[in-house]
Amino acid sequence: LVVPGKETPALPFETPARLAQAIEDIYGEQTSRGICLRVGRVMMRHGLRIFSGTLGLSERSFRLLPPPQKVLRGLELLAWLLNHYGDQRVRVETKADALLLINEKCPHCRGLRKAAPCCQLPVGALQEGLAWIYGGKRFSVEEISCQAAGDPSCTYRIPRNPLT
């Protein structure tokens, strides 16, 4: 991740995967999943404070969009941010019942081999960002494919509607 105004990366690309693996080694798989979800939520709150003005999230034109359009626009802006300031390849696809955020170069599982999807930090970040966009309502974000499990990309499924 490159911070605006700095020439060198603030965080080497492989660091998130190493940190996630270290947390799992210390606390076990189940507890590490919860820790990474919480860390992702906190990181998104912090990121929203830093980037909301840059991305236009505080502008009236964004705030007045209907919530479903704000969610799509927010995901598109997140993809742009990760592609522009990070060493990632992220895109958004729309399906009839969900949106997909697809990361073809994921730092959260780089070099890891797992039997199931393991990128909980981005799941937590997406949950928090979507709750912020949708006025506090939570979404059931699910990682449906993961490079650590041998898939070509880490793909996150975001349902069209929040949980009730």
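When you count, for each residue, the other Cβ atoms within 10 Å and take the mean per peptide, how do 19-26, 68-75 rank with the highest first? Write down the numbers at each step before the final one.
On the way: 19-26: 15.9, 68-75: 18.1.
Sorting 19-26, 68-75 by mean packing, highest first, produces 68-75, 19-26.
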State the extension gain, in nm to one decimal, for the chain segment bounded by ASP87 and SER58, taking 0.36 nm per residue of separation less the distance between their alpha-carbons. 7.8 nm
In the Gaussian network model of the chain, springs joining C-alpha atoms below 10 Å, which of GLY124, GLY40, GLY28 carries the largest mean-square fluctuation? GLY28
Would you mind computing Rg(Cα) / (2.2 N^0.38 Å) for the chain, counting N as its residues? 1.01
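Once Rh for the stretch 45-99 is found with the Kirkwood sum over Cα pairs, what is the Stokes-Einstein diffusion coefficient at 20 °C and 1.002 mPa s, in µm²/s?
Stokes-Einstein gives a translational diffusion coefficient of 177 µm²/s.
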Assign unit charges at the C-beta atoms only (+1 for Lys and Arg, -1 for Asp and Glu), then state the dipole size of the stretch 79-164 relative to its Cα centre in Debye, rounded to the nearest 20. 40
Relative to the longest principal axis of the C-alpha atoms of the chain, give the angle of the C-alpha long axis of helix 120-133, reported between 0 and 90° and rounded to the nearest 10°. 10
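Show me the ranking of peptides 95-108, 51-64 by mean Cβ neighbours inside 10 Å, starting with the highest.
95-108, 51-64
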If one compares the long axis through the Cα atoms of helix 29-55 with the longest principal axis of the Cα atoms of the chain, the angle in degrees, nearest 10, works out at 40
Can you tell me the 0 to 90 degree angle between the C-alpha axis of helix 67-85 and the longest principal axis of the chain, rounded to 10? 50
Per residue accessible area in Å² of the stretch 18-164, where ligands, DNA and RNA are left out and the probe is 1.4 Å: 55
Close Lys-Lys pairs in the stretch 46-164, where close means Cα under 24 Å and separation is 8 or more or interchain: 5
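At 1.4 Å probe size, with the rest of the protein present, what percent of the exposed accessible area of the chain is carbon and sulfur atoms?
Working: 5030 of 9300 Å².
Exposed carbon and sulfur together represent 54 percent of the surface.
The values are calculated or read from the model by the stated rules, or taken from the named source; none is laboratory data. These numbers were taken from a predicted model, which means no experiment stands behind them. Virtual Cβ from ideal backbone geometry, glycine too; neighbours counted across all protein chains shown. When the accessible area is computed, the model is the full protein with side chains, heavy atoms only, and any ligands, DNA or RNA have been set aside. Shrake-Rupley method; radii C 1.70, N 1.55, O 1.52, S 1.80 Å.
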